[in-house]
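The values are calculated or read from the model by the stated rules, or taken from the named source; none is laboratory data. Keep in mind the model is a prediction, meaning the values are calculated, not measured. Cβ atoms come from the backbone with ideal geometry, glycine included; neighbour counts cover every protein chain shown.
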Amino acid sequence: MLELKRTLDAKGHGVLEMPSGTGKTISLLSLIVAYQRAFPLEVTKLIYCSRTVPEIEKVVEELRKLMEFYTKQTGETNNFLALALSSRKNLCIHPEVSSLRFGKEVDAKCHSMTASYIRAQRHSNPSLPTCRFYEEFDAVGRQVPLPAGVYNLDDLKDYGRRKGHCPYYTARYAILHANIVVYSYHYLLDPKIADLVSKELAKKSVVVFDEAHNIDNVCIDSMSVNITRRTLDRCQTNVETLHSTIQQIKETDAARLKQEYRRLVEGLKEANVARETDVYLANPVLPDEILKEAVPGTIRTAEHFVGFLRRFMEYLKSRLRVQHVVQESAPQFLKDIYEKVCIDRKPLRFCAERLQSLLRTLEITDIADFSAVTLISNFATLVSTYSQGFTIIIEPFEDRTPTIANPVLHFSCMDPSIAIKPVFQRFQSVIITSGTLSPLDIYPRMLDFRPVTMSSFTMTLARTCLCPLIVGRGNDQVALSSKFETREDFAVIRNYGNLLLEMSAIVPDGIVAFFTSYVYMENIVASWYEQGILENIQRNKLIFIETPDAAETSMALEKYQEACENGRGAILLSVARGKVSEGIDFVHHFGRAVVMFGVPYVYTQSRILKARLEYLRDHFQIRENDFLTFDAMRHAAQCVGRAIRGKTDYGLMVFADKRYARADKRGKLPRWIQEHLSEGSLNLTVDESVHLAKHFLRQMAQPFRQEDQLGLSLLTLEQLQSEEMLQKITQMAHQS
Amino acid sequence: MDDQGCPRCKTTKYRNPSLKLMVNVCGHTLCENCVEMLFVRGSGNCVQCDTPLRKSNFRVQLFEDPAVDKEVEIRKKVLKIYNKRDFDFPSLRVYNDYLEQVEDIVFNLTNNIDVENTKLRMEQYQKENRDVIQRNKAKLTREQEELEELLLLEQQGNEQRRLDVLQEEQRQLQAKRKNKQALLDELEQSQLPATILLAKHKARSAQLETEIEQQKQSVKPTSLFSTGIQQNQTVSLVPIPRIEEVLYQYRPLKMDTYGPPAPDLGQLGRLGYLNHVRAALPQDTAGGYTTAMACHRAMQDAFSGLFSL
């Protein structure tokens, strides 16, 4: 709180690490809301970014509680407007459109009903489909502001149904004057979306990135493009369609093309950009990089532009025909493209904008079909705009299947600071927070910003409810490790099996085990089966396995929870960096123990990773090994952190790899785990760890009431206001 | 690419992986064998469109769509003639119009629209602008210059890095060798027992290791000037864009005091203020110091200390 206030006062940025489940969200929200109430002119808006829809919903629920508390305490209803925003797929209430399964389809369908020219056509041809919700919103919705209150996605839908307004556009419109907005990272970080949604947000906003330990990857993904042979084939059909549509329009309605042409000659910006429903593809480049100039003459007319696209596409096709891996920088690519097909840099820079204008002129409604050509043009614009921080890698086949030709062109961003820079520049305070941000100094270095505050908090606990153990050896003194040389070692696999078997015998309810990769998990489980270990484990608990398939995994999870609810509990075998490790919480009896088999390093042979490491080393002075370890440890911490979701929760954390005991690895774990890692539990055998775990579990199983926490990790109002406590607080404030 | 084949002998890439397709100016494909067979005499007609062709004009087909091959061929030819740069034009608008005109010509030639007229136009243009074309032949466009520069930078960076790594390795190797030699020498000459010497050696090599580690961590010196310009680079000779903005105008500083304004520099002597200040010695005046200056500053100080009640 103190650190946060300091950050807000200084109008700077902050990095805060707080253990998950200890009220991170509510403390952030309550302070910022209070700050907003106290200085309404200093901080006008809170933008809270989270990762997934369930997380967004959780934040809104917390906020609702906070607002209720305010009303109860102050006795007056405050006029705060808080709302969540998500994609059309989650917000649409149109009976036909909302029944579609994929987000892209919903967007396309919605667009085909609400685009301004479609609505204009409807005047002459009333039989065209319409969305009555949007019509209603357009007619009156803008004048009637959303009443103050807290809205989650369902509330918005309800409101929409009641009023007959489209909830999506209501929300889009309302975020401009809302006090608190909760939405996903992408609305700020992906320049394609941010340009549409978050363009007009005020500077005096506080931005919070929650669960931000992966923020660098999100940044990178939002600026990277992958092109396969299939993309190009689809692109080809797109270009053909464009060509035929142009011919058609030329015969029927040449004036329209002429008008567009005239506009481009004059270098006028789109006059109708304000039409919110029309803007369907924004420039992939960051706003300050967009050239403010007229479109160059080479791609001014529609036919020339189509010819240009065709040449560019054929060039890419010829590049994809390589037999060996090629890695080159953007300038090299541009030079080559000029030599081969005479394409200059400047028209390439305008490619995305020109395509956007063309699609609008042709009044093409089904944009989902044109995703391939859009992707290509985005690539063109990106590659010609940025000369640094990007690399182009063309791989003729995947590493695992060298005989099957599957050429891919990766245009990958290596510098996460490029995408996030405008956010830091635009908003007065940006706060990055998560349960696992250690080591803290690496984030400011990677994202290239200067934080005012940087700190890692621990929990104040009434009892030590987490018990991290590092198991380095098996009972037969074989060193346990998942490193490459010992992957196939039967002794290691057997000892891992023994560990899980012993744990399954003593831990009540659920155990979650994480492996380093799907392949590794398959190998181990197969040999456990051969050795009969699985059978023994199944005497104690049921076993469920996570697979790459989302539907299968969610089924396994559901059954796992069911099994934890009754009977002797279950074991879930899953993979670090998978779906389970990132977003699923195992509260209380769903996860009494987490076993981490091995250190979850990334696949280090990937060329994209190698290029990125090189870039980090040259530009940010971060050494390869540091980054790899950092990345592995943040994922390990994220995995084991799944089990502790509050102060009353308790859980075992077993790190089964001897490498965890080394200082460089251990030092990169979050502080709240390191604190409980005693010297005695650094290099245990399976037996010893079982012994310690038994002791811990017996202690934890004692009844634990709320009163026990009083005075330690929970304070009553009297205690809080007592002289002693106040003194302690001021002392702490002075110290830091 | 597998389904592509020669239209004449119907061989496909799938059946003959070493098939080489060729394209001539008309944009129609033939495989290498057919070319050899049909154009033994060095010239002949296209199988598909009957255009007279020369054997020497056959090129290997680079792209899947032979039309693109043809277009690129034509484009290169046209761009050789139409090689004006953006600084040859008074404004961007005119340049863009010119670019579009070029594009039109290429489009016409590739799609066989009005070929005769277009060719005439090109010839005429070539005659009219002969000297400009000659002049621009050697010049690169500004964007290409930029690209070249970037490439150069990249190369230099890579080279530098490679050299650094090499040097570093060599230094380390040398240090280690020296260390080893020192141990051998000591063992040979010293009177101390070998175990102590060995322990010493061990400590020394550990120290060496840590030193190497530290060196790796330290930031390498950059090859940049303090202005941000790369050392020994070629600077592009593009004229600096003129900055069009209002000239700076000097406005004398006006002090706000709560009271009468402080007296001017000229007034000080007249009003007798200078009598209260030590007169400047000849040594002081050498640097441009005058008596009035100190006095003036003191006066300003005093006046700005006034308060309104």
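Return the residue satisfying two criteria in turn: it lies in segment A:642-676 and is assigned to a loop (DSSP other than H, G, I, E, B) and aliphatic (A, V, I, L, M), and of such residues it is surrounded by the fewest Cβ atoms within 10 Å (Cβ to Cβ). It would help to see each step written out before you state the result.
We begin by selecting, within segment A:642-676, every residue assigned to a loop (DSSP other than H, G, I, E, B); these are A:642-650, A:657, A:662, A:667-670, A:675-676.
Among the residues that remain, those that are also aliphatic (A, V, I, L, M) are: A:643-644, A:669.
Values: A:A643: 25, A:I644: 26, A:L669: 23.
In this case the residue turns out to be A:L669.
Determine, yes or no, whether A:F586 is at pLDDT 90 or above and buried (at least 19 other Cβ atoms within 10 Å of the Cβ).
Details: at pLDDT 90 or above: no; buried (at least 19 other Cβ atoms within 10 Å of the Cβ): yes.
So A:F586 fails the test.
Got a sec? Which of A:L382, A:L409, A:L359 is within 25 Å of A:T301 (Cβ to Cβ) and at pLDDT 85 or above?
Numbers: A:L409 fails: within 25 Å of A:T301 (Cβ to Cβ); A:L359 fails: at pLDDT 85 or above.
None of the other options fit; the residue is A:L382.
If a residue must be in contact with an Asp or Glu (Cβ under 8 Å, 6 or more places away or on another chain), at pLDDT 85 or above and surrounded by fewer than 23 Cβ atoms within 10 Å (Cβ to Cβ), how many such residues does segment A:422-441 contain? I'd like the intermediate steps shown before the answer.
Within segment A:422-441, the first condition is being in contact with an Asp or Glu (Cβ under 8 Å, 6 or more places away or on another chain), and the residues that meet it are A:422, A:433-438, A:440.
Now restrict to residues that are at pLDDT 85 or above: A:433-434.
Pick out the ones that are also surrounded by fewer than 23 Cβ atoms within 10 Å (Cβ to Cβ) and you get A:433.
Matching residues across segment A:422-441 total 1.
Every residue, every condition in (1) in a helix (DSSP H, G or I); (2) surrounded by fewer than 24 Cβ atoms within 10 Å (Cβ to Cβ); (3) modelled with pLDDT of 90 or more, yes or no:
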| site | (1), (2), (3) |
| --- | --- |
| A:S581 | yes, yes, no |
| A:M596 | no, no, yes |
| A:Y601 | no, yes, yes |
| A:Q605 | no, yes, no |
| A:K610 | yes, yes, no |
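For the subset of segment A:129-176 comprising residues that are out of contact with any helix residue (DSSP H, G or I) (no Cβ under 8 Å at 6 or more places or on another chain) and under 19 Å from A:S198 (Cα atoms), which member is modelled with the lowest pLDDT?
Checking each candidate, the answer is A:L176.
Per-residue answers, yes or no, for (1) of a type in the set (D, E, K, R); (2) in contact with a Lys or Arg (Cβ under 6 Å, 6 or more places away or on another chain):
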{"position": "A:R300", "(1), (2)": "yes, no"}
{"position": "A:H304", "(1), (2)": "no, no"}
{"position": "A:L316", "(1), (2)": "no, no"}
{"position": "A:E328", "(1), (2)": "yes, no"}
{"position": "A:P331", "(1), (2)": "no, no"}
{"position": "A:V341", "(1), (2)": "no, yes"}
{"position": "A:K346", "(1), (2)": "yes, no"}
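Given the options B:R130, B:R162, B:R142, B:R93, name the one that is surrounded by fewer than 17 Cβ atoms within 10 Å (Cβ to Cβ), within 30 Å of B:E209 (Cβ to Cβ) and not β-branched (V, I, T). Lay out the reasoning, then the answer.
Values: B:R130 fails: within 30 Å of B:E209 (Cβ to Cβ); B:R142 fails: within 30 Å of B:E209 (Cβ to Cβ); B:R93 fails: within 30 Å of B:E209 (Cβ to Cβ).
It is B:R162.
Here is a check on your reading of the model: is B:L53 out of contact with any Leu (no Cβ under 8 Å at 6 or more places or on another chain), in a helix (DSSP H, G or I) and away from chain A (no Cβ under 11 Å)?
Details: out of contact with any Leu (no Cβ under 8 Å at 6 or more places or on another chain): yes; in a helix (DSSP H, G or I): no; away from chain A (no Cβ under 11 Å): yes.
Answer is no for this residue.
Of all residues being more than 8 Å from every other protein chain (Cβ to nearest Cβ) and not in a helix (DSSP H, G or I) in segment B:133-163, which is farthest from the chain's Cα centre (by Cα)? Just the residue, please.
B:A138
Name the one entry in A:Y529, A:Y520, A:Y560 that is surrounded by fewer than 19 Cβ atoms within 10 Å (Cβ to Cβ) and in contact (Cβ under 8 Å) with a residue 12 or more places away in the chain. Even if it seems obvious, please write down each step before you answer.
Details: A:Y529 fails: in contact (Cβ under 8 Å) with a residue 12 or more places away in the chain; A:Y560 fails: surrounded by fewer than 19 Cβ atoms within 10 Å (Cβ to Cβ).
From the options A:Y529, A:Y520, A:Y560, the qualifying one is A:Y520.
Please work out which residue is modelled with the highest pLDDT, limiting yourself to segment A:259-290 and to residues that are in contact with a Lys or Arg (Cβ under 6 Å, 6 or more places away or on another chain) and among the aliphatic types (A, V, I, L, M).
Filtering segment A:259-290 for residues in contact with a Lys or Arg (Cβ under 6 Å, 6 or more places away or on another chain) gives A:264, A:282, A:284.
Next, from what is left, pick out any that are among the aliphatic types (A, V, I, L, M): A:264, A:282.
On the way: A:L264: 75, A:A282: 54.
That would be A:L264.
Looking at segment A:353-362, is at least one residue out of contact with any Leu (no Cβ under 6 Å at 6 or more places or on another chain), surrounded by 18 or more Cβ atoms within 10 Å (Cβ to Cβ) and basic (K, R)? Steps first, please.
Here is the first cut: in segment A:353-362, the residues out of contact with any Leu (no Cβ under 6 Å at 6 or more places or on another chain) are A:353-355, A:357-362.
Checking which are surrounded by 18 or more Cβ atoms within 10 Å (Cβ to Cβ) leaves us with A:353-355, A:357-362.
From what's left, basic (K, R): A:354, A:360.
So far as segment A:353-362 goes, yes, one or more of its residues are out of contact with any Leu (no Cβ under 6 Å at 6 or more places or on another chain), surrounded by 18 or more Cβ atoms within 10 Å (Cβ to Cβ) and basic (K, R).
Out of all the residues in segment A:316-339, which are over 20 Å from A:S387 (Cα atoms), facing chain B (nearest Cβ under 10 Å) and out of contact with any Asp or Glu (no Cβ under 6 Å at 6 or more places or on another chain)? Walk me through it before giving the result.
Just the residues of segment A:316-339 that are over 20 Å from A:S387 (Cα atoms), to begin with: A:317-318, A:320-325.
When the remaining residues are screened for being facing chain B (nearest Cβ under 10 Å), the result is A:317-318, A:320-321.
A:S318, A:L320, A:R321, listed by residue number.
Determine the pairs where a residue that is at pLDDT 85 or above, located within segment B:155-174, has a partner that is assigned to a helix (DSSP H, G or I) and surrounded by 12 or more Cβ atoms within 10 Å (Cβ to Cβ) with Cβ atoms under 6 Å apart, the partner being 6 or more residues away or on another chain.
From residues that are at pLDDT 85 or above, the pairs are B:Q172/B:I212.
I'm trying to understand the selection: among the residues of segment A:191-213, which are at pLDDT 85 or above and either more than 11 Å from the chain's Cα centre (by Cα) or in a helix (DSSP H, G or I) (or both)?
Listed by number, the residues that qualify are A:S205, A:V206, A:V207, A:V208, A:A212, A:H213.
Just checking, which of A:G160, A:G164 is in contact (Cβ under 8 Å) with a residue 24 or more places away in the chain, farther than 28 Å from A:L66 by Cβ and of a type in the set (G, A, S)?
Numbers: A:G160 fails: farther than 28 Å from A:L66 by Cβ.
Checking each option against the conditions leaves just A:G164.
Could you look through segment B:6-37, keep only residues that are free of Cβ contacts under 8 Å to residues at least 24 places away in the same chain and touching a Leu at 6+ places or on another chain (Cβ under 9 Å), and pick out the one that is nearest to B:E73 (Cα to Cα)? Talk me through it step by step, then tell me what you get.
First pass over segment B:6-37, keeping only residues free of Cβ contacts under 8 Å to residues at least 24 places away in the same chain: B:10-19, B:32, B:35-37.
If we keep only those that are touching a Leu at 6+ places or on another chain (Cβ under 9 Å) as well, we get B:11-13, B:32.
Values: B:T11: 25, B:T12: 25, B:K13: 24, B:E32: 19 Å.
This residue is B:E32.
Given the criteria farther than 22 Å from A:R311 by Cα, among the aromatic types (F, W, Y) and surrounded by 18 or more Cβ atoms within 10 Å (Cβ to Cβ), does A:F397 qualify?
Numbers: farther than 22 Å from A:R311 by Cα: yes; among the aromatic types (F, W, Y): yes; surrounded by 18 or more Cβ atoms within 10 Å (Cβ to Cβ): no.
It is false that A:F397 is farther than 22 Å from A:R311 by Cα, among the aromatic types (F, W, Y) and surrounded by 18 or more Cβ atoms within 10 Å (Cβ to Cβ).
How many residues does segment A:345-361 contain that are away from every other protein chain (no Cβ under 14 Å), farther than 14 Å from A:L334 by Cβ and out of contact with any Asp or Glu (no Cβ under 7 Å at 6 or more places or on another chain)?
At the first step, the residues of segment A:345-361 found to be away from every other protein chain (no Cβ under 14 Å) are A:351-353, A:355-361.
Subset that is farther than 14 Å from A:L334 by Cβ: A:352-353, A:355-361.
Still in the list and also out of contact with any Asp or Glu (no Cβ under 7 Å at 6 or more places or on another chain): A:352-353, A:355-356, A:358-359.
Adding up the residues that qualify gives 6.
Report, by residue number, each residue of segment A:61-85 that is touching a residue at least 40 places away in the same chain (Cβ under 8 Å) and surrounded by fewer than 21 Cβ atoms within 10 Å (Cβ to Cβ).
A:E61, A:R64, A:L66, A:M67, A:T77, A:N78, A:N79, A:F80, A:L81
Could you please let me know if B:V72 is of a type in the set (A, V, I, L, M), within 13 Å of chain A (Cβ to nearest Cβ), outside any loop (DSSP other than H, G, I, E, B) and crowded, with 19+ Cβ neighbours inside 10 Å? Talk me through it step by step, then tell me what you get.
Working: of a type in the set (A, V, I, L, M): yes; within 13 Å of chain A (Cβ to nearest Cβ): yes; outside any loop (DSSP other than H, G, I, E, B): yes; crowded, with 19+ Cβ neighbours inside 10 Å: yes.
The answer is yes for B:V72.
Residue by residue through segment A:706-732, note down the ones that are assigned to a loop (DSSP other than H, G, I, E, B) and either modelled with pLDDT under 75 or touching a strand residue (DSSP E or B) at 6+ places or on another chain (Cβ under 9 Å) (or both). Working first, answer last.
Taking segment A:706-732 and keeping what is assigned to a loop (DSSP other than H, G, I, E, B), we get A:711-713, A:715-716, A:722.
Scanning segment A:706-732 gives A:G711, A:L712, A:S713, A:L715, A:T716.
Could you tell me which residue of segment B:21-40 is surrounded by the fewest Cβ atoms within 10 Å (Cβ to Cβ), considering only residues that are at pLDDT 85 or above and in a loop (DSSP other than H, G, I, E, B)? It would help to see each step written out before you state the result.
Our first condition is that a residue be at pLDDT 85 or above; within segment B:21-40, this holds for B:21-23, B:28-40.
Within this subset, residues satisfying the condition of being in a loop (DSSP other than H, G, I, E, B) are B:28, B:39-40.
Working: B:H28: 19, B:F39: 20, B:V40: 10.
If we take residues in segment B:21-40 being at pLDDT 85 or above and in a loop (DSSP other than H, G, I, E, B), then B:V40 is surrounded by the fewest Cβ atoms within 10 Å (Cβ to Cβ).
Filter segment B:106-128 down to the residues that are without any contact (Cβ under 8 Å) to a residue 40 or more places away in the chain and among the polar types (S, T, N, Q), then identify the one that is nearest to B:A67 (Cα to Cα). Break it down into steps so the answer makes sense when it comes.
First, pick out the residues of segment B:106-128 that are without any contact (Cβ under 8 Å) to a residue 40 or more places away in the chain: B:106-109, B:111-121, B:123-124, B:127-128.
Then keep just the ones that are among the polar types (S, T, N, Q); that gives B:108, B:111-112, B:117-118, B:124.
Values: B:N108: 13, B:N111: 9, B:N112: 12, B:N117: 21, B:T118: 19, B:Q124: 27 Å.
Once the filter is applied, the top-ranked residue is B:N111.
Confirm whether B:N45 is surrounded by fewer than 17 Cβ atoms within 10 Å (Cβ to Cβ) and under 26 Å from A:R229 (Cα atoms).
So B:N45 does not fit the description; no.
What about B:D104, is it within 11 Å of chain A (Cβ to nearest Cβ), surrounded by fewer than 16 Cβ atoms within 10 Å (Cβ to Cβ), of a type in the set (D, E) and in a helix (DSSP H, G or I)? If you could, list the steps in order and put the result at the bottom.
Values: within 11 Å of chain A (Cβ to nearest Cβ): yes; surrounded by fewer than 16 Cβ atoms within 10 Å (Cβ to Cβ): no; of a type in the set (D, E): yes; in a helix (DSSP H, G or I): yes.
So B:D104 does not fit the description; no.
Give segment A:460-484 a look and list any residue that's more than 33 Å from the chain's Cα centre (by Cα) and either part of a helix (DSSP H, G or I) or over 12 Å from A:V686 (Cα atoms) (or both), or say none.
Correct list: A:A462, A:R463.
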